[in-house]
Amino acid sequence: MNKEEYDELINEQYISRISFKGEYPYIAPFMYVFDGQSIYFLSTRYGRKIQLFRENPHVAVEIEEYADDLSKFRFVTLQGRINEVKDADEKMGVRERFVDLIKTKHLSRSVMAALGHSPEEPPESLLKEEKSFVWKLVDVESIVGLKNQ
């Protein structure tokens, strides 16, 4: 796939898998938002991924789309580094994008648990309480995108 094609895939999807380095690779699903240049993630403040991130922020991120019968598929893998976003304005912008994603895709409130919040909380609670880290994929060294059509 060329850049235009994998950017389109990244823009259309919102679920990824991140592989962290450890004694064995550790793979976890993450929702993400894409602003046309950077991919951002919200991470709960607990779990094995936090320890692995602190030990080594180099990761592989995979985003995919496929038909149920696998007659069509496409995926992109990006290798880079996860960086915690510290800038307040940038963090708020990312959180706003997540609220918009949840609303426009009509996602279940259950997704709030994956973002460090209670499923009873409205998506806007992402803007009021920082119960999750904002991460950004940076220093991308390799991008591989494949499709079957």
For residue 136, the net charge from surrounding residues (Cβ-Cβ under 11 Å; K, R +1; D, E -1) works out to -2
With Rg and the Kirkwood Rh both taken from Cα atoms, where does Rg over Rh land for the range 22-110? 0.98
Counting alpha carbon pairs within less than 8 Å and at least 6 residues apart, what relative contact order, in whole percent, applies to the chain? 29 percent
Inter-label distance for residue 12 and residue 79, nm, one decimal - labels placed 7 Å from Cα along Cα-to-Cβ: 2.7 nm
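Report the relative contact order of the range 1-78, percent, no decimals, based on alpha-carbon pairs under 8 angstrom and at least 6 residues apart.
33 percent
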List the trypsin sites (Lys or Arg not before Pro) in the range 56-113 that DSSP assigns to loop (not H, G, I, E or B) and whose Cβ has at most 11 other Cβ atoms within 10 Å. Which are they? 86, 105
Whole-Å distance, taken between Cα centres, linking the range 1-20 and the range 43-73: 12 Å
Given a 10 angstrom Cα cut-off, can you work out which residue in 52, 127, 70 is the most mobile in a GNM of the chain? 70
Would you mind working out the accessible area per residue for the chain, using a 1.4 Å probe, and quoting it in Å²? 57 Å²
Dipole axis of the chain (+1 Lys, Arg; -1 Asp, Glu on Cβ), positive-most option in 110, 67, 149: 110
For a protection proxy built on the mean count of beta-carbon atoms within 10 angstrom, sort 10-20, 137-147 highest first, please. 10-20, 137-147
Cα centre as origin, Lys/Arg/Asp/Glu Cβ charges: the range 1-48 dipole, Debye: 460 debye
Only helical DSSP H runs with n ≥ 4 go in: add -39500 (n - 2.57) per run for the chain, normalise by residue count and round the 222 nm mean residue ellipticity to 500 deg cm²/dmol. -8000 deg cm²/dmol
For the chain, the accessible surface attributable to carbon and sulfur atoms (probe 1.4 angstrom, ligands and nucleic acids excluded) amounts in percent to 48 percent
At R0 = 25 Å, FRET efficiency that the Cβ-Cβ distance of residue 105 and residue 64 yields, to 0.05: 0.90
So for the chain, what are the equivalent ellipsoid semi-axes in whole Å, largest first, each being the square root of 5 times an eigenvalue of the Cα gyration tensor? 24, 19, 15
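The values are calculated or read from the model by the stated rules, or taken from the named source; none is laboratory data. Computed from a prediction, not measured in an experiment: that's the story for all the values here. Positions of Cβ are backbone-derived with ideal geometry, glycine not excepted, and every protein chain shown enters the neighbour counts. These area figures cover heavy atoms from the full protein model, side chains too; ligands, DNA and RNA do not enter into them. Shrake-Rupley method; radii C 1.70, N 1.55, O 1.52, S 1.80 Å.
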